[in-house]
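Values in this text are rule-based calculations from the coordinates and carry no lab data. None of these values were measured; they are calculated from a predicted model. Cβ placement follows ideal geometry from the backbone for every residue including glycine, while neighbour counts extend to all protein chains displayed.
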Amino acid sequence: MQEKHFFVYILLCSNNTYYIGYTTDLARRFQEHLQGTAKCKYTRSFKAIKILQNWQVNDKGTALRLEHYLKKLPRQAKQQLVNHPQTLAARFNLTGVDSL
């Protein structure tokens with residue numbers, strides 16, 4: 001059985017805000033944001049421009065905690081994590097950090 005991975009990601013939107021989410025398929029989810037599907041209320045109004053950063057984790061619980069943590073951060077702290085994604089990996093003891 002193949003191990004399931006989750007991605008927590010930060011998007012840059014057309015109104016210069018950050019959108020944070022999690023998914024099991026980052027490419028598919030980004031396409032949904034670009035297309036403005038019904039699942040993407042925020043990015044339907046404020047189009048996704050690009051994925052700024054993403055982190056891969058091995059379980060849904062960690063992905064949810066990470067997403068919640070990121071959403072509560074002020075913009076400046078989010079920008080720091082975009083520039084230095086390894087600091088989040090160290091804080092949450094993540095083994096795999098992906099960056100684009």
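Counting 0.36 nm for each residue step from Glu3 to Asn58 and taking away their Cα separation leaves a gain of 19.0 nm. Placing +1 on the Cβ of every Lys and Arg and -1 on the Cβ of every Asp and Glu, with nothing else charged, gives the chain a dipole about its Cα centre of roughly 420 debye.
When each of the peptides 3-11, 38-46 is scored by the mean number of other C-beta atoms lying within 10 Å of its residues, the order from highest to lowest reads 3-11, 38-46.
Modelled label positions at Ala77 and Asn15, each set 7 Å beyond Cα in the direction of Cβ, lie 2.2 nm from each other. Among the lysines of the chain, pairs that are 8 or more positions apart or on different chains and have alpha carbons within less than 23 Å of each other number 21. Compared with the alpha-carbon gap, the fully stretched path from Lys39 to Ala27 is longer by 2.8 nm at 0.36 nm per residue. The alpha-carbon atoms of the chain, seen along their principal axes, cover 37, 35, 21 angstrom, with the largest extent given first. Note on Thr87 and His68: the model spin-label points, each 7 Å out from Cα along the C-beta direction, lie 2.3 nm apart.
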